[in-house]
Amino acid sequence: MGSIFKETLGLYTDLYELTMAQGYFFCQKKDQQTSFDYYFRTNPYKGGFTVFAGLQDFIDALNEFTYSKSDLAFLKANGFKDEFLKYLRNFKFSGDIYSVKEGEIVFPNEPILSVEGNIIECQLVESILLNILNFESLIATKAFRIKHIAGQKLFADFGLRRAQDFGSIHASRAACIGGASSTSNTLAGKIYDIPVSGTMAHSWVQSFDSELEAFRAFAETNPDNTILLVDTYDTLKSGVPNAITIGHEMAARGEKLKGIRLDSGDLAYLSKKARKQLDNAGLHDVQILASNQLNEYVIKTLLLDQNAAIDGFGIGTEMITGKSDAALDGVYKLTEIDGEPKMKFSENIEKITLPGKKQLVRYFDDEGKFFRDGILLQDENPEEVSTIYHRIYSEKNTEVSKLKVERLREKVVEQGNILLQHKNPVEIYDYLKSRAALLPDEHKRFISPHLYKVGISNELMATRNALTQKLRTLH
């Protein structure tokens, strides 16, 4: 059996991508120049926006998207032809990629990212692109929903043990892009320069003859980061009183008890009772942290409805798995071959794709807030576009000629060379925070958020309509 840590990534794809690539090769199409768009159709969690994440990981993966001797032997054993395998022997992505920034607020049906290059390389990278971007965007969006309601209170990613296998590494990164202040996942912390944090498990307490002895030993071995788990036996009658004893002993040594953690029971009730006990003992600075199946809705009711005395949260399963949505429905569609616009036609107009190379722009209202997004053909001057139209119902349109406009995408890969400047997840979160401040509040609410409108230019609409008519004639 092999290990993923010893493998090149050329086989990190679906079989049909390789099957089509071989077909292109033998159909003399391998030099055709193409453009593909990445976008998603629906915001996750019935929300009003999505946080784009995963770009840096995807681009880094392209450097490893090659084929080893064992990869080629595997493909040969599965029926691929020698001439095509010879082509793959020296394969390396050599195209261009245009993308919005990681941490950007994005919306359904927008060309968030475009891949340009020969048809084989653009086809082969589809699956790994969707795998990484869909997953990290899903988790980053969930994390930011949690951060939005938690406000100034910190929360940590505690999800490693409940994550989908090695997806936990990318998930921890995405969680921090979305607002998690740290992760318990030490490997992710090392790889991505993320702050790491953690407390103790019930097993530590149970391994000693008494809870007090367990707390005392932990404080002695971790004096700079002593957070005590107080619910192993009885939170209010045993756990918190014993933590108070340790807090006083640490103070006598010139040290400080940093916090206690609640991991079960009625968190609102227990946190308020624990806060009172700590304050009565003079331990006003000891923080109360909470964990146990938390999500944005639970945190909302704890903080806003029950006034819980909780200073921070450890979020595990609900965030790291992207509950309640299993996946982001991102897709990757061909839009141009050798300068000729292409589109997927459907009797369902909502599934008709937008043809040609495009750009994505954002318009701002008089208060400097996000107002509309526009999808334009690549060669259009955004300053000269006066109106954008609903992509399905053209009678719905918006005058944008007098609005401030911003181009959202930039070239991040040129002829296979990475142009993107690496940033750690905390830096990307800072960008997200600055962008989210410009998103009107009605798009951020959890229940029935206001729909953010995205329109297309008149030229793009005309191109689509003309191609639609042509396809109807031909087929």
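The values are calculated or read from the model by the stated rules, or taken from the named source; none is laboratory data. Quick caveat, the model's predicted, so the values are computed rather than measured. With ideal geometry, Cβ positions are generated from the backbone for all residues, glycine too; neighbour counts draw on all protein chains shown. Only protein heavy atoms, including side chains, enter the accessible area calculation; ligands, DNA and RNA are left aside. Shrake-Rupley method; radii C 1.70, N 1.55, O 1.52, S 1.80 Å.
Identification of strands (runs of 3 or more DSSP E) wholly contained in segment 368-438 with 3 or more residues that are more than 18 Å from Glu110 (Cβ to Cβ) and open to solvent by less than 40 Å² (accessible area, probe 1.4 Å) yields no element. If only residues of segment 138-180 that are among the β-branched types (Val, Ile, Thr) and surrounded by 24 or more Cβ atoms within 10 Å (Cβ to Cβ) are counted, the one that is farthest from the chain's Cα centre (by Cα) is Ile146.
Criterion applied to Leu289, Leu278 was being surrounded by 16 or more Cβ atoms within 10 Å (Cβ to Cβ), touching a residue at least 24 places away in the same chain (Cβ under 8 Å) and touching a helix residue (DSSP H, G or I) at 6+ places or on another chain (Cβ under 8 Å), and the one residue passing it is Leu278. Pairs are defined by a Cβ separation below 8 Å, a sequence spacing of at least 6 or placement on different chains, a first member in segment 362-383 that is at positive phi, and a second member that is surrounded by 15 or more Cβ atoms within 10 Å (Cβ to Cβ); the pairs so defined are Gly368/Leu438.
Table: residues versus (1) touching a strand residue (DSSP E or B) at 6+ places or on another chain (Cβ under 8 Å); (2) open to solvent by 30 Å² or more (accessible area, probe 1.4 Å); (3) assigned to a loop (DSSP other than H, G, I, E, B); (4) closer than 28 Å to Tyr38 by Cβ.
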{"residue": "Val298", "(1), (2), (3), (4)": "no, yes, no, no"}
{"residue": "Leu302", "(1), (2), (3), (4)": "yes, no, no, no"}
{"residue": "Asn307", "(1), (2), (3), (4)": "no, yes, yes, no"}
{"residue": "Ile310", "(1), (2), (3), (4)": "yes, no, yes, no"}
{"residue": "Gly314", "(1), (2), (3), (4)": "yes, no, no, no"}
{"residue": "Leu328", "(1), (2), (3), (4)": "yes, no, yes, yes"}
{"residue": "Glu336", "(1), (2), (3), (4)": "yes, no, no, yes"}
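Of all residue pairs spaced 6 or more apart or on separate chains, those with beta-carbon atoms under 7 Å, a first member in segment 227-252 that is open to solvent by 40 Å² or more (accessible area, probe 1.4 Å) and a second member that is hydrophobic (A, V, I, L, M, F, W, C) are Thr245/Leu212.
Screening Leu72 against (1) in a loop (DSSP other than H, G, I, E, B); (2) free of Cβ contacts under 8 Å to residues at least 24 places away in the same chain; (3) in contact with a helix residue (DSSP H, G or I) (Cβ under 9 Å, 6 or more places away or on another chain) leaves a single unmet condition, (1). In summary, Gly117 fulfils each of the numbered conditions (1) assigned to a strand (DSSP E or B); (2) open to solvent by 10 Å² or more (accessible area, probe 1.4 Å) with the single exception of condition (2). Looking only at segment 347-361, decide whether some residue is open to solvent by less than 60 Å² (accessible area, probe 1.4 Å), more than 26 Å from the chain's Cα centre (by Cα) and of a type outside the set (A, V, I, L, M). Yes, that holds for at least one residue.
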